[in-house]
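The values are calculated or read from the model by the stated rules, or taken from the named source; none is laboratory data. Fair warning: this is a prediction, and the values are worked out from it, not measured in the lab. Note that we place each Cβ from the backbone using ideal geometry, even for glycine, and neighbour counts take in every protein chain shown.
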Amino acid sequence: MEEKTYSCQLGGKTLTATFSSLAEQANGKVMMRYGDTMILVTACLSKSQRPGIDFMPLSVDYEEKYYAAGRILGSRFMRRESRPSEEAILSGRLIDRTIRPRFNRRMRNDVQVVATILSNDDNDPDVIAITGASIALSTSNIPWSGPIAAVRVARIEGAIVINPTHTEREKADFDIVVSGTEDKINMLEAGANEVPEHEALEAIKKGHEEIKKIIHFQKEIIKEQSVAKSEISLAEESYEIPKDILQKIEHALYQKHKQTQHEGLSTVKEEWMAWAKEKHGDEFSAQKAEHALEEATNDIVHKRILGKGERPDGRKPDELRGLFANPGVIPRVHGSGLFVRGQTQALTSLTLGGPGDSQIIEGMEVREKRHFMHHYNFPPFSTGEIKPMRGPGRREIGHGALAERALSPMLPKKEDFPYTIRLVSEILSSNGSSSMAATTASTIALMDGGVPMKKPVSGIAMGLMMDEKGENYTVLTDIQGPEDHHGDMDFKVAGTRDGVTAIQMDVKIEGVTLKILEDSFAQAKKARLEILSVVEKAIPAPRADLSPFAPRIITVRINPEKIGALIGPGGKNINAIIDQTGAQIDIEDDGSVFITSVDKEAGEKAVALVKASTREILAGEIFQGKVTRIFPFGAMVEIAPKQEGLVHISEISDQRVDSVIDAVRPGHTVTVKVKDIDAQGRINLTMRGVDQK
């Protein structure tokens, strides 16, 4: 089997791209390797157009294989990969958001990119898969305007590191994936611990410098490996819309209320479709007519904003919609928060649980217990639509992960607040940037629930309108419906008053410059501070106490050597304590015992039983104990739960005892003193010189 391998240096390691006959029936394919992480990336194109659609049908699959990490995972009943993990879905979204803008929007042939992780060491496959997707598409016959590349940039102990390993990333206070072309940036995904905007920009700039090197590397490959691009049919050119219809579109579009806007545009659409059908007769194409309407609307929005600074709802480019924040709107939950920005409404509820309620993650890359979860729901009624209510899709998972990333740095450490935290954001109404509304509502819910957050977090989505030449642009604060749909950028920034905690950006154009990002960061900070002022007015600080409906966690520290005694044979002792008290008990290897209970008395009883089961018995201590067994040479007395000591026959009384059974019997309560504890940990007791009460 013939192979051709290309290599370059990236982040102090070798990146290779290998071409062979493997996966030879795919339109494009490449084997990427970075360290011992190896990824097969393939790209396929359907032979015909998909009928009846008005979008470019691209799908990206990121396939985690358990064997890549050398582990047998999955449930006990199905030891194989099934549905993709959240991490795989998020990685697939990274690839999709990077490569999608480089396709012609009028393509109607299905394109599928599959990144299969064959081997995984400590190097993260996701950014390598993005570059692999670019190489596979660029060297295939699939029409695509590449190349692009991606790198991860982290700041670790003050130093910028390119493509850090998983282990290194754990120490980073800033972690960002940057994708783009030689000239522009077209995708960002970041988590940070209150990093100032100018430092984030500097990291993005360094990432872009590395991207230029990788693209130069790709150009050498493309020169040798590329084939002629296929000539495929594109969606038909649009009809020309008469001036009076254009005026009606513009009038309907520039309505402040979303419902009024939709009704107006729907009426104009009906009129336009009827006019076009009558004009073109048998040659009428509904798809062409709808595409014409879409293009006309897009053109109107761009021209009004770029030419006059007029947004559909009348706001200035840097103006927020009306804001409202309210804590404690749901009874019985452990905390709740409502945040409204214009017609976007997010309602978040907080649930606190014990350490045992954490989510166990076992995947190819991640194996951990997750003590903080944020889940995002986007029901169809939030946009006035009717759709089947199914599980969360890629969008919901992505938005939930973004808010989770934004909030995580401001949550208390587990040692200080050992609760498992779950937030659920319900989007009740959506008209732009519901993920950032969910982030803000979650901050309110956390503070309402008494979670000692370091600082409140909020976020905002920035948009962009740019002319066709890329010379004139306007950055928009708090984008809504038509600005999101027809705009050129969706740039979300979340953080505190002092810095950024999360970033997410994707574009519909070729990309954006560092200058545009600088302007967007500045405008986003101004908006974020306005939102935080509203939040702080509604709830200035986390409540002093937890909700009465929330469980209380009592932490007990025991000698790690006593963990076995606490658990007991087959869990008998710990299960008995749980059955007696109803408390949830979690034990960690360092001797930390977490007792979780809604009922205060039950929790205190569990604490007493745990302490009794694990207490250190010292010589000279006096106990009231129960005789459990007798022998010819003495009696066993239980002085603490599951802790017994021996009273030798000679230690039962100051007087001579001829028979143990004549002095004590099983079930008798006696007072004993610890005489000594031998080298094997056996407790020797005495009843001599001790008053029997």
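Values as computed for the structure displayed
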{"quantity": "Flag for GLN9 being touching a strand residue (DSSP E or B) at 6+ places or on another chain (Cβ under 9 Å), farther than 15 Å from SER226 by Cα and assigned to a loop (DSSP other than H, G, I, E, B)", "calculated": "no"}
{"quantity": "Test: ARG395 is assigned by TED's automatic domain parsing to the domain that holds GLY499, surrounded by fewer than 16 Cβ atoms within 10 Å (Cβ to Cβ) and in contact (Cβ under 8 Å) with a residue 12 or more places away in the chain", "calculated": "yes"}
{"quantity": "Matching strands (runs of 3 or more DSSP E) fully within segment 315-391 where at least 2 residues are at pLDDT 95 or above and aliphatic (A, V, I, L, M)", "calculated": "323-327, 335-341, 344-353"}
{"quantity": "Scan of segment 1-45 for residues that are surrounded by fewer than 15 Cβ atoms within 10 Å (Cβ to Cβ) and either more than 32 Å from the chain's Cα centre (by Cα) or not assigned by TED's automatic domain parsing to the domain that holds PRO147 (or both), ordered by number", "calculated": "MET1, GLU2, GLU3, LYS4, THR5, SER7, SER20, SER21, LEU22, GLU24, GLN25"}
{"quantity": "Total residues in segment 573-600, condition surrounded by fewer than 16 Cβ atoms within 10 Å (Cβ to Cβ) and closer than 12 Å to SER613 by Cα", "calculated": "1"}
{"quantity": "Any hit, segment 94-116, residues being out of contact with any Gly (no Cβ under 9 Å at 6 or more places or on another chain), modelled with pLDDT under 95, surrounded by fewer than 23 Cβ atoms within 10 Å (Cβ to Cβ) and within 28 Å of GLY11 (Cβ to Cβ)", "calculated": "no"}
{"quantity": "Where a residue in segment 252-272 is closer than 19 Å to SER382 by Cα and its partner, wherever it lies, is exposed (fewer than 12 other Cβ atoms within 10 Å of the Cβ) and modelled with pLDDT of 85 or more, with Cβ under 9 Å and at least six apart", "calculated": "LYS256/GLY314; LYS258/GLY384; GLN259/GLY384; HIS262/GLY384"}
{"quantity": "Some residue of segment 136-153 being in the same structural domain as VAL113 (by TED's automatic domain parsing), part of a helix (DSSP H, G or I) and not polar (S, T, N, Q)", "calculated": "yes"}
{"quantity": "The one condition in (1) outside the structural domain of GLU471 (by TED's automatic domain parsing); (2) modelled with pLDDT of 90 or more; (3) part of a helix (DSSP H, G or I) that ARG543 fails to fulfil", "calculated": "(3)"}
{"quantity": "Test for THR131: is it of a type in the set (S, T, N, Q) and under 24 Å from the mean Cα position of the chain (by Cα)", "calculated": "yes"}
{"quantity": "Conditions (1) of a type in the set (Gly, Ala, Ser); (2) modelled with pLDDT under 95; (3) not in a loop (DSSP other than H, G, I, E, B): number failed by ALA437", "calculated": "(2)"}
{"quantity": "Residue within segment 475-486 that is crowded, with 19+ Cβ neighbours inside 10 Å, part of a loop (DSSP other than H, G, I, E, B) and charged (D, E, K, R) present", "calculated": "yes"}
{"quantity": "The listed residue being touching a helix residue (DSSP H, G or I) at 6+ places or on another chain (Cβ under 6 Å), among the charged types (D, E, K, R) and either surrounded by 14 or more Cβ atoms within 10 Å (Cβ to Cβ) or assigned to a helix (DSSP H, G or I) (or both), out of GLU310, GLU278, GLU294", "calculated": "GLU310"}
{"quantity": "Elements of type strands (runs of 3 or more DSSP E) in segment 159-200, at least 1 residues being surrounded by fewer than 17 Cβ atoms within 10 Å (Cβ to Cβ) and in the same structural domain as LYS492 (by TED's automatic domain parsing)", "calculated": "none"}
{"quantity": "Which numbered condition THR513 misses (of (1) touching a residue at least 60 places away in the same chain (Cβ under 8 Å); (2) of a type in the set (S, T, N, Q); (3) surrounded by 20 or more Cβ atoms within 10 Å (Cβ to Cβ))", "calculated": "(3)"}
{"quantity": "Near pairs, Cβ below 6 angstrom, 6+ apart or cross-chain, from segment 62-85 (surrounded by 14 or more Cβ atoms within 10 Å (Cβ to Cβ)) to any residue that is among the hydroxyl-bearing types (Ser, Thr, Tyr)", "calculated": "TYR62/SER91; GLU63/THR116; ALA68/SER119; LEU73/TYR66"}
{"quantity": "Test: residue in segment 437-452 that is surrounded by fewer than 24 Cβ atoms within 10 Å (Cβ to Cβ) and of a type in the set (Val, Ile, Thr)", "calculated": "no"}
{"quantity": "Any hit, segment 556-564, residues being of a type in the set (Lys, Arg), surrounded by 13 or more Cβ atoms within 10 Å (Cβ to Cβ) and modelled with pLDDT under 85", "calculated": "yes"}
{"quantity": "Within segment 204-232, tally of residues that are of a type in the set (Val, Ile, Thr), surrounded by 13 or more Cβ atoms within 10 Å (Cβ to Cβ) and over 37 Å from the mean Cα position of the chain (by Cα)", "calculated": "1"}
{"quantity": "Verdict on ARG93 being basic (Lys, Arg) and closer than 30 Å to GLU518 by Cβ", "calculated": "yes"}
{"quantity": "Count of segment 553-607 residues which are of a type in the set (Gly, Ala, Ser) and part of a loop (DSSP other than H, G, I, E, B)", "calculated": "4"}
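Quick grid of which residues meet (1) in the same structural domain as GLY571 (by TED's automatic domain parsing); (2) modelled with pLDDT of 85 or more; (3) of a type in the set (D, E, K, R); (4) surrounded by fewer than 18 Cβ atoms within 10 Å (Cβ to Cβ):
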site: ILE630; (1), (2), (3), (4): no, yes, no, no
site: VAL637; (1), (2), (3), (4): no, yes, no, no
site: GLY645; (1), (2), (3), (4): no, yes, no, no
site: ILE652; (1), (2), (3), (4): no, yes, no, no
site: ASP676; (1), (2), (3), (4): no, yes, yes, yes
site: GLY681; (1), (2), (3), (4): no, no, no, yes
